[in-house]
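Taking it in order: structure first as structure tokens, then the write-up.
The values are calculated or read from the model by the stated rules, or taken from the named source; none is laboratory data. Source: prediction; values computed, not measured. Ideal geometry is used to build each Cβ from the backbone, glycine not excepted, and the neighbour counts take in all protein chains shown. All accessible areas refer to the heavy atoms of the entire protein, side chains included, with ligands and DNA or RNA removed. Shrake-Rupley method; radii C 1.70, N 1.55, O 1.52, S 1.80 Å.
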Amino acid sequence: MPTLEEVRAFCRAFPGVTEVTGGQGGGLSWRTANGQFAWERTARKTDLAQLAALGRRWPDGDVVGIRTDGLDAKAALVQTYPEAFFDIPHFDGWPAVLARLDGIDAGLLRETITEAWLLRTTARLRREWLAAHGLAE
């Protein structure tokens with residue numbers, strides 16, 4: 001089970017990343033020049049009420065929001081890995097998924113965050129990082 005500190009270290013290891021403390025909800029978030037790609041997410045009163053109306057509840061443990069490559073990618077993650085990822089009404093129509101740190105494999109979390117960073121970084125940093133890791137763009 002990955003910890004928030006491990007998420008923090010992993011996100012900060014990417015080139016061009018800025019860590020912001022005290023963003024929405026007061027938690028940590030990680031950004032590139034092109035925007036946020038991952039963030040600590042806590043439940044808000046509205047979230048709890050909306051989930052309760054749907055017969056659902058906010059999970060125990062730490063939760064991280066992660067940018068996705070569109071709504072289809074978001075739906076695929078939630079459907080394929082329901083123990084790891086979930087969605088809430090607040091994110092309807094927005095390309096992001098929520099990850100339960102106590103329900104996700106560290107490898108899957110790293111892969112999902114890496115994809116999010118690749119989406120939000122600059123083209124130059126993306127090319128350099130992919131080349132350094134023997135991956136094609």
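Can you give the helix-only mean residue ellipticity at 222 nm for the chain, where every DSSP H stretch with n ≥ 4 adds -39500 (n - 2.57) and the sum goes over all residues, rounded to the nearest 500 deg cm²/dmol?
Here the helix-only value at 222 nm equals -11500 deg cm²/dmol.
If a paramagnetic tag sat 7 Å from the Cα of T46 along the Cα-Cβ line, which residues of region 99-116 would have the backbone N under 17 Å from that point?
none
Applying a 10 Å radius around every beta-carbon, put 11-22, 28-39 in order of their mean neighbour count, most first.
Details: 11-22: 14.2, 28-39: 19.5.
Sorting 11-22, 28-39 by mean packing, highest first, produces 28-39, 11-22.
Pop out the carbon and sulfur fraction of the accessible area of the chain as a percent, whole number, probe 1.4 Å.
Carbon plus sulfur share of accessible area: 51 percent.
At a Förster distance of 22 Å, what's the computed FRET efficiency of A33 paired with A75, Cβ-Cβ distance as r, to 0.05? Walk me through the numbers on the way to the answer.
Working: r = 28 Å, r/R0 = 1.28.
Calculated transfer efficiency: 0.20.
Give, as ranges by residue number, the residues of region 44-61 whose backbone N falls under 15 Å from the point 7 Å along Cα→Cβ of M1.
59-61
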